[in-house]
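All of the numbers you see were taken from the coordinates with simple rules; none came from a lab. A quick note: this is a predicted structure, and the numbers were derived from the prediction, not measured. Here the Cβ positions follow ideal geometry from the backbone for every residue, glycine too, while neighbour counts run over all protein chains shown.
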Amino acid sequence: MPEIDLGLTPLRELNASLHRLKPDTNERHWIVDHPAGRHAIAAGLNVPITVEINGPVGYYCAGMNKHANVLIHGSAGVGVAENMMSGFVHVAGDASQSAGATGRGGLLRIDGNASSRCGISMKGIDIVVQGSVGHMSAFMAQAGNLVVFGDAGDSLGDSIYEARLFVRGHAKSLGADCIEKPMRDEHRRALHEVLGRAGFDGEIDPAEFKRYGSARKLYNFHVDNAGAY
């Protein structure tokens, strides 16, 4: 089990070592100590390994992640798991802006709160936030699921496409073309599946959530909607 102290080892050296790994590597569990808010830790991983980071991280930690499990025992800066393709990223603290932005797959779990623009332009990622999310979350979200145990800030789901938003608390306001939708059995099953993969199997009742999604009025131009484009 490699253990890297970023107080002694340059970050570039750590990331280069991770990028050199092959899928059949036997170095499958890495420990990173003293991250001290450094940026782009464990970004661009492309092998099925686990990286545990003991402390807070800066911008774009686990960005472009593919296959790996990245466990952050602390809070995360802007763009954690940005453009994630697959795998699992777990933030044990809070996350700053744009968590999971443009993510195409995989699962991002945040145990605390997420700031503004959580899940913007998400394209298939699933994001589970145990706290609340800030304004403009799921802006232009195209596919995937955003699950929020707490509240959502202003303009939730602005200009949303076909992503599904589940909020247990209160949404301060909904963005353009985002509406509350019926919570049918198929959506409860989908939410149950996402919660199970996030580690909450059977602990949370999907019936406690409201579902939000696209009214599909902005898909094609209409002069009456010109002010919303």
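Things to note:
- For Ile49, residues with placed amide H under 5 Å, excluding near neighbours: Ala68, Asn69
- With a simple spin-label model that places each label point 7 Å from the Cα along the Cα-to-Cβ direction, the separation between Asn54 and Leu8 comes to 1.2 nm.
- Computed over the chain with a Gaussian network model linking Cα atoms closer than 10 Å, the most mobile of Leu45, Leu218, Leu191 is Leu218.
- Label of the coordinate-derived value, Kirkwood radius over Cα pairs in Å, listed as (i) 19.1; (ii) 17.7; (iii) 18.5: (ii)
- Rounded to the nearest 0.05, the FRET efficiency derived from the C-beta distance between Asp33 and Arg184 at R0 = 41 Å is 0.30.
- Förster-model FRET efficiency, 30 Å R0, Glu208 and His73, C-beta, rounded to 0.05: 0.60
- Charge tally around Lys172: other residues with Cβ under 15 Å, Lys/Arg +1 each, Asp/Glu -1 each, net -1.
- Calculated mean residue ellipticity at 222 nm for the chain: -3000 deg cm²/dmol, from DSSP H runs with n ≥ 4 weighted as -39500 (n - 2.57), summed, divided by the residue count and rounded to 500.
- Residue among Leu195, Leu174, Leu21 with the largest mean-square fluctuation in a Gaussian network model of the chain, springs linking Cα atoms under 10 Å: Leu21
- Residues in region 28-35 carry Karplus couplings, in order, of 9, 9, 10, 10, 10, 9, 6, x Hz; the curve used is 6.51 cos²θ - 1.76 cosθ + 1.60 with θ = phi - 60°, and Gly or Pro positions show x.
- FRET efficiency, 1/(1 + (r/R0)^6) with R0 22 Å, evaluated for His192 and Arg216 via beta carbons: 0.30
- Relative contact order [Cα under 8 Å, 6+ residues apart], region 56-201, whole percent: 14
- Cross-linked pairs Lys22/Lys66; Lys66/Lys123; Lys66/Lys181; Lys172/Lys217; Lys123/Lys217: Cα-Cα separations exceed 24 Å for Lys66/Lys181.
- Taking Cα atoms only, the orientation of helix 185-197 departs from the longest principal axis of the chain by about 10 degrees.
- Most mobile of Asp94, Asp154, Asp24 in a GNM of the chain (Cα contacts under 10 Å): Asp24
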